[in-house]
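Everything on this sheet refers to the single structure shown next.
The values are calculated or read from the model by the stated rules, or taken from the named source; none is laboratory data. Because the structure is predicted, anything quoted here is derived from the model rather than measured. Here the Cβ positions follow ideal geometry from the backbone for every residue, glycine too, while neighbour counts run over all protein chains shown. Only protein heavy atoms, including side chains, enter the accessible area calculation; ligands, DNA and RNA are left aside. Shrake-Rupley method; radii C 1.70, N 1.55, O 1.52, S 1.80 Å.
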Amino acid sequence: RLARMNGASLDPDRKSVLEHWVQSIPAPPAPSWVDASAAERGRAIFEGSSAGCATCHEGPKLTNDVTVNVGTGGAFQVPPLLGVGWRTPVMHDGCAATLADRFGKCATADHGDLSGLSQADISDLTSYLETL
């Protein structure tokens, strides 16, 4: 499972073509079951400076395209978050069967600062992620 997001390096031309294709994929529609108020509170947490989410998950696809080590077993490319609610499990090794698991059993000290977040905040943040 560790090699889930690994693969052979691409030559620059292939990488460019693949990158263009990936960047052109539209986000799926937001789910209708997410509480809009919770998602809006979660957006504020995501975009705020205390948790640090938007430090790496930024731009039109919510990725800075940087390879980093967030304490989950190696250095990995910051994934785009658009559509993240539709593609669980998440994390490079699939340890988070749900988005909530990313903030529970799959949380690491180097992957955002969750210390100031309550369970309600994490629930709101998860609601926001489901809307992406």
Please report the accessible area of Val78 (heavy atoms, 1.4 Å probe, ligands and nucleic acids excluded) in Å², nearest 10. 10 Å²
Report, to the nearest whole %, how much of the accessible area of the range 12-113 belongs to carbon and sulfur atoms, 1.4 Å probe, protein only. 58 percent
For the chain, calculated [θ]222 nm from helices alone, where every DSSP H run of n ≥ 4 adds -39500 (n - 2.57): -10000 deg cm²/dmol
Karplus (6.51, -1.76, 1.60) ³J(HN,Hα), θ = phi - 60°, over the range 76-93, in Hz, Gly and Pro reported as x: 9, 5, 5, x, x, 9, 4, x, 4, x, 9, 10, 7, x, 10, 5, 4, 9
Give me, ordered by chain and number, the residues 5 or more places off Ala96 or on other chains with an amide H under 5 Å from its own placed amide H. Val90
Could you give the length gained by full extension between Asn64 and Ala97, i.e. 0.36 nm per residue of separation minus their alpha carbon distance, to one decimal place? 9.5 nm
Taking the Cα centroid of the range 83-132 and of the range 1-79, what is the distance between the two, rounded to the nearest whole Å? 12 Å
Could you pull out every residue, at least 5 positions away or on a different chain, whose amide H is within less than 5 Å of the one on Val68? Hs are placed 1.01 Å off N in the peptide plane, and Pro or chain starts have none. Phe76, Gln77, Val78
Roughly how big is the chain's charge dipole about its Cα centre, with Cβ charges of +1 (Lys, Arg) and -1 (Asp, Glu), in debye to the nearest 20? 340 debye
